[in-house]
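K.L.:
Quick one: the structure is below, questions incoming.
Bear in mind that the values in this text are calculations on the coordinates, not laboratory data. Bear in mind the structure is a predicted one, so any value in this text is a computation, not a measurement. Here the Cβ positions follow ideal geometry from the backbone for every residue, glycine too, while neighbour counts run over all protein chains shown.
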Amino acid sequence: MNPTAILVAVLLALVALATAFPSAAVPAATCANKRLRKEIRDLSRAELRAFQAAMVKLHDNGAIARYTQLHKKHLTLAHFNPSFLPFHRISLKGFEEELVAASNGVLTGLPYWDSTADAEHPEKSVVLSAAFMGSGNLGQRGCIRDGPFAGIKRENGTCVERKMSPGPWKSDKALVDKINRLHSGDYDRWEYFVERGPHFVIHSMIGGDMALLPTSSNDPIFYVHHAFIDYLWTTFQLKTPAAFTAYNGTVNGTVYTANDVVMGYPVSRLFDFQNEQHLCYEYQDAQFPTKGVAALAAYP
């Protein structure tokens, strides 16, 4: 079956599930085999190589181009309103399944990049090096020049670009802690500041394609970055039972509720990431050293 047919089949299955279970009153079916998402520096050497090869495969077979078109089509739905988080959650899940399949089952899930660990000295980050995601073209816009994704191209045949800004970046752990402290339990305010803080900063600091909403998902960094933003949402959710299902906000007169439908699902069916069959994943907290650039740079 070709990649387009696979994607269509997956989307039809998702819509069928959403139709069969239209409200939050229906108990979630517990999934059997959860995907485990690890911080990218916690991957084994074999997992890292499999991740890089799978990303290249998804670029070459057109999957990344398809997700870029999906992201572009739903720019208004997916940004600057409360549905930012649920949209990216369900979209990433579809991408994760293709990624794991492309890795021949070596990966346990989509890795995430805890960029707060690199905010002070991003130019020294091992994640932004040839060994992991490729360097960022510090201060000069151009094609990705090294690493596994060197020279990858957009759907139109031009190369995916980066133009990384020097540190420190305003996306450190202190900022995340402040947002959590001031807005714990208040989804509307918490989402607002996360989207415009640690989410937006990384897009703009990586620069190039990442700095532009319609093209950002051409860069493989997009997926590990958004997995981290989703990780932050899970930590918000797990603080209290009320926070787990918190979802509210009003933007330009539009009131957002958990009954809203995002990508074929009521938002209420996008909360339980651990047990809903169409999600079924969990995160492993980062294990790598959080201090000492030399220790990080020595990997792998």
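K.L.:
Which residues' amide hydrogens lie under 5 Å from the amide hydrogen of Tyr283, considering only partners 5 or more residues apart or on another chain, with H built in the peptide plane?
P.N.:
Under 5 Å from the amide H of Tyr283: Arg37.
K.L.:
Mind listing the phi-derived Karplus ³J(HN,Hα) values for the stretch 123-140, rounded to whole Hz, using 6.51, -1.76 and 1.60 with θ = phi - 60°, and x for any glycine or proline?
P.N.:
5, 9, 5, 5, 5, 9, 9, 4, 6, 10, 9, x, 6, x, 6, 3, x, 9
K.L.:
Place the peptides 207-213, 101-107, 252-258 in order of packing, highest mean first, counting for every residue the other Cβ atoms within 10 Å and averaging per peptide.
P.N.:
Packing order, densest peptide first, comes out as 207-213, 101-107, 252-258.
K.L.:
Here is a further query. Have a look at Ser115, Ser165, Ser217 and tell me which one the Gaussian network model of the chain (Cα, springs below 10 Å) gives the largest fluctuation.
P.N.:
Most flexible of the set in this elastic network: Ser165.
K.L.:
Moving to a separate point now. Taking θ as phi - 60°, what are the ³J(HN,Hα) couplings along the stretch 154-164 by the Karplus curve (6.51, -1.76, 1.60), each to the nearest whole Hz, with x for Gly and Pro?
P.N.:
Karplus-based 3J(HN,Hα) across the stretch 154-164 equals 6, 4, 7, x, 8, 7, 5, 10, 9, 8, 6 Hz.
K.L.:
Could you please rank His278, His74, placing first whichever residue has the fewest other Cβ atoms within 10 Å of its Cβ?
P.N.:
The most exposed by this proxy come first: His74, His278.
K.L.:
What FRET efficiency comes out for Leu182 versus Asn104 if R0 is 45 angstrom and r is the Cβ-Cβ distance? Round to the nearest 0.05.
P.N.:
0.50
K.L.:
Here is a further query. Pairs of alpha-carbon atoms within less than 8 angstrom and 6+ residues apart define the contacts here; what relative contact order does the chain have, in percent? If you can, show how the numbers build up before the last one.
P.N.:
Details: 485 pairs, mean separation 78.5, N = 300.
Once divided by the residue count of the chain, the mean separation gives 26 percent.
K.L.:
OK, next. For Ser204, Ser83, what ranking results if the residue with the fewest other Cβ atoms within 10 Å of its Cβ goes first?
P.N.:
Ser204, Ser83
K.L.:
For every helix of n ≥ 4 consecutive DSSP H residues, a contribution of -39,500 (n - 2.57) applies; sum these over the chain, divide by its total residues, and give [θ] at 222 nm rounded to the nearest 500 deg cm²/dmol. Don't skip to the answer; put the middle values down first.
P.N.:
Working: 11 runs with 120 residues, N = 300.
Theoretical 222 nm ellipticity from helices: -12000 deg cm²/dmol.
K.L.:
I need the phi-derived Karplus couplings for the stretch 54-68: 6.51 cos²θ - 1.76 cosθ + 1.60, θ = phi - 60°, integer Hz, Gly and Pro marked x.
P.N.:
5, 4, 4, 4, 5, 5, 5, 8, x, 5, 5, 4, 5, 5, 5
K.L.:
Can you flag which of Lys170/Lys239; Lys93/Lys178; Lys73/Lys163; Lys93/Lys173; Lys124/Lys170 are past 18 Å Cα-Cα?
P.N.:
Lys170/Lys239; Lys93/Lys178; Lys73/Lys163; Lys93/Lys173
K.L.:
Using alpha carbon centroids, what distance separates the stretch 35-52 and the stretch 103-123, in Å?
P.N.:
Using only Cα atoms, the two centres lie 8 Å from each other.
K.L.:
Taking the Cα centre of the stretch 3-297 as origin, sum charge times position over the Cβ atoms of Lys and Arg (+1) and Asp and Glu (-1), and report the length of that vector in debye to the nearest 20.
P.N.:
Once rounded to the nearest 20, the dipole reads 360 debye.
K.L.:
Of the peptides 38-46, 172-180, how do they stack up when ordered by the mean number of other Cβ atoms within 10 Å, highest first?
P.N.:
Going from most to least packed, we get 38-46, 172-180.
K.L.:
Would you mind calculating the relative contact order of the stretch 174-300 from Cα pairs under 8 angstrom and at least 6 residues apart, reporting the percent as a whole number? Numbers along the way, then the final one.
P.N.:
Working: 103 pairs, mean separation 20.0, N = 127.
Once normalised by length, the contact order is 16 percent.
K.L.:
Send over the semi-axes of the chain's equivalent ellipsoid, whole angstrom and largest first, taken as the square roots of 5 times the C-alpha gyration tensor eigenvalues.
P.N.:
28, 23, 19
K.L.:
What is the fewest-to-most order of Phe288, Phe87 by other Cβ atoms lying within 10 Å of their Cβ?
P.N.:
Ascending number of Cβ neighbours within 10 Å: Phe288, Phe87.
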